[in-house]
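Everything on this sheet refers to the single structure shown next.
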Amino acid sequence: MSHQQLLAPILDFLACETPKAWIDEAAKKENLPVVLIDHLICELKAAQSAMFLIRKYAVDKASGDALLAWLKPFETLVYKREGDWRSLPGKNNLTKAVIPKSDSPYGQDLINKMVLLIKEELHHFYQVLEIMDEYGIEYQSITPCRYAKGLLRHVKTYEPDAMVDKLIIGAYIEARSCERFAGLAPHVDKRLGDFYVSLLRSEARHYQDYLTLAEQVAGKDISERVKFFAEVEAELITTADEDFKFHSGVPSGR
Ligand SMILES: [Fe+2]
Ligand SMILES: [Fe+2]
């Protein structure tokens, strides 16, 4: 499948394209560190939220602990600045079988999709570290932008709607990331552009996996709710935002 074919359903799913002002800001050389460091954190967050969903909704305590152990070296590297990033590929594996809760009708499908997703996000995480190393960019902690919080504050407080909302939000974050990688690729140097394009395929599937799971869990038509989040998301993308990050709105005030 070509990029255009991969992107068509994503552009259809999103209510707006990334404003040109964001692309221009992100393509500036001096913003490369913030773009890459924030991207790095997004990959870890993507793995963490997928893991949260499995642990909360699909597995027993023992399986949940095995999942946490898998993520640990990646989290330690970021939050404690401990460990050697080059050793991470050897640690990207789940050593125990994850057993679904017996009363969960969608459990196995959620586990299968999310375990694969986590593996891929952790691989991306490593790839971003490799690129940062090549460009001589050092990790430093940065604050999260308003984007994820702006979406999550609309999550319903009761089940299964809360879970459905989180899955729909997962789909939007994945789709937007994919669209931004594609938009940014032609404006950065070849090494980075090729990397962004290489991410499109997995991120395109991730958004679809989230959406399928949301439909399964809801067991009814969710198009109204999807439309609601499309609008919230587009608002965050198209309004002025002083805090420039990977998922920020229209750069302003700088
Ligand atoms: Fe990713
Ligand atoms: Fe992803």
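The values are calculated or read from the model by the stated rules, or taken from the named source; none is laboratory data. A quick note: this is a predicted structure, and the numbers were derived from the prediction, not measured. Positions of Cβ are generated from backbone atoms using ideal geometry, with glycine treated the same way; all protein chains shown enter the neighbour counts. Calculation scope for accessible area: heavy atoms of the full protein, side chains included, ligands and nucleic acids excluded. Shrake-Rupley method; radii C 1.70, N 1.55, O 1.52, S 1.80 Å.
The equivalent ellipsoid that matches the C-alpha gyration tensor of the range 22-101 spans semi-axes of 30, 16, 9 angstrom, in descending order.
Listed by chain and number, the lysines whose C-alpha is less than 26 Å from the C-alpha of Lys245, apart from same-chain residues fewer than 8 away, are Lys20, Lys28, Lys29, Lys45, Lys72, Lys80, Lys119, Lys149, Lys166, Lys190, Lys227. With helices as the sole contributors, the chain gives -22000 deg cm²/dmol at 222 nm; each DSSP H run of n ≥ 4 counts as -39500 (n - 2.57), and the sum is divided by every residue.
Taking the average, over residues, of other Cβ atoms within 10 Å as the packing measure, peptides 214-220, 201-207 rank 201-207, 214-220 from highest down. When the surface is traced with a 1.4 Å probe over the full set of protein chains, Leu36 keeps roughly 0 Å² accessible. Only Cα sites of the range 55-164 enter the Debye sum here, all with the same form factor; the resulting log10 I(q)/I(0) across q = 0.11, 0.23, 0.24 1/Å is -0.49, -1.28, -1.30, listed in q order.
Net charge around Leu184, counting only other residues with Cβ within less than 14 Å of its Cβ (Lys, Arg = +1; Asp, Glu = -1)? Summing Lys and Arg as +1 and Asp and Glu as -1 gives 0. A convex hull fitted to the Cα coordinates of the chain yields 130 cubic angstrom per residue. Full extension of the chain segment joining Thr157 with Leu68 gains 29.5 nm, where the gain is 0.36 nm per residue of separation less the Cα-Cα distance.
Annotation: amide H-H contacts under 5 Å for Val250 (H modelled 1.01 Å from N, sequence separation of 5 or more, or interchain): Thr239, Ala240, Asp241. Take the Cα of Asp189, go 7 Å toward its beta carbon, and the backbone nitrogen atoms of the range 117-158 under 11 Å from that spot belong to 134-136. Taken as Cα centroids, the range 215-231 and the range 23-48 sit 29 Å apart, rounded to the nearest whole angstrom. If the segment from Glu138 to Glu224 were pulled out straight at 0.36 nm per residue, it would be longer than the present Cα-Cα gap by 26.6 nm.
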